[in-house]
1. So which residues in the stretch 81-110 are over 15 Å from the mean Cα position of the chain (by Cα), assigned to a loop (DSSP other than H, G, I, E, B) and touching a residue at least 12 places away in the same chain (Cβ under 8 Å), if there are any at all?
2. If I go through the stretch 115-128 residue by residue, how many of them are in a helix (DSSP H, G or I) and either touching a residue at least 60 places away in the same chain (Cβ under 8 Å) or in contact with a His (Cβ under 9 Å, 6 or more places away or on another chain) (or both)?
3. Could you tell me how many of the residues in the stretch 10-47 are in contact (Cβ under 8 Å) with a residue 60 or more places away in the chain and within 20 Å of Gly67 (Cβ to Cβ)?
4. Would you mind stating whether Thr52 is touching a residue at least 24 places away in the same chain (Cβ under 8 Å) and farther than 21 Å from Leu19 by Cα?
5. Could you check Glu40 against (1) in contact with a Pro (Cβ under 7 Å, 6 or more places away or on another chain); (2) farther than 13 Å from Ile123 by Cβ; (3) surrounded by 15 or more Cβ atoms within 10 Å (Cβ to Cβ) and say which number it fails?
6. Those residues that are closer than 19 Å to Ile138 by Cβ, touching a strand residue (DSSP E or B) at 6+ places or on another chain (Cβ under 9 Å) and not in a helix (DSSP H, G or I), I need them from the stretch 1-51; list them, please.
7. Take Leu46 and decide whether it is hydrophobic (A, V, I, L, M, F, W, C) and surrounded by fewer than 14 Cβ atoms within 10 Å (Cβ to Cβ).
Amino acid sequence: MVITCSDTRTQETDTSGQLIQKLLKEQGHTVPTYHLLKDEPAQIQLRITQCTTNDAVQAIIINGGTGISRRDSTFEAVDAMLEKRLAGFGEIFRLLTYQDIGSPAIMSRATAGIIKGRVLFSIPGSENAVRLAMEKLILPELGHLVKELSK
C-alpha cells in the first residue's frame, strides 16, 4: 500500500506517490491500494489499521509528514504503532541524504518498522527523497523483508 500524507497535494499533483507506485511496479510488485491523506495522525493510524486486515498488503510505504514543521505529524502517528523498529533504515537514509544535500538531512524523521506482520516505511515526500529511499534501500530489501515476515 502507498500512502501520501500531505495537506496540499491532490492525486494529480502527487508526483511522489506516483513515483513510488511506478518504481514498485517496475520491480514486479503490485500496489493493491493507494491513499492520499491529510497529515492528521488519527486518519493515518486508521488507514494503517485498516490495511493490516488486507492480506494483499504486505508492505506499507508512506511519504510525507516526516519533517519538523508544526503540521508534520506522520512520524508520531507511525512510530506509536510500530511493534518493532528498523532503526538502521532511518540512520542509513539520513546518511545517504547527508551525502546528497548536506546538513538539512538532520531534519528528516524517516523511519521503518513492523506492524502486524507487515513492513512499514515512512519517508519524506520530496521526489528526490522518494527516489533515494526506494532505489537505495527499500526496493533492494523489500522482497527479503516480506519473506522474513512470512516465516
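Every number here is computed from the coordinates shown, using simple stated rules; none is lab data. What you see is a predicted model; the values in this text were computed from it and never measured. Backbone-built Cβ (ideal geometry, glycine too); neighbour counts: all protein chains shown.
1. Selection gives Glu83 alone.
2. 1
3. 4
4. Criteria met by Thr52.
5. All conditions are met except number (1).
6. Within the stretch 1-51, Met1, Val2, Ile3, Thr4, Cys5, Asp14, His29, Val31, Thr33, Tyr34, His35 meet the criteria.
7. yes
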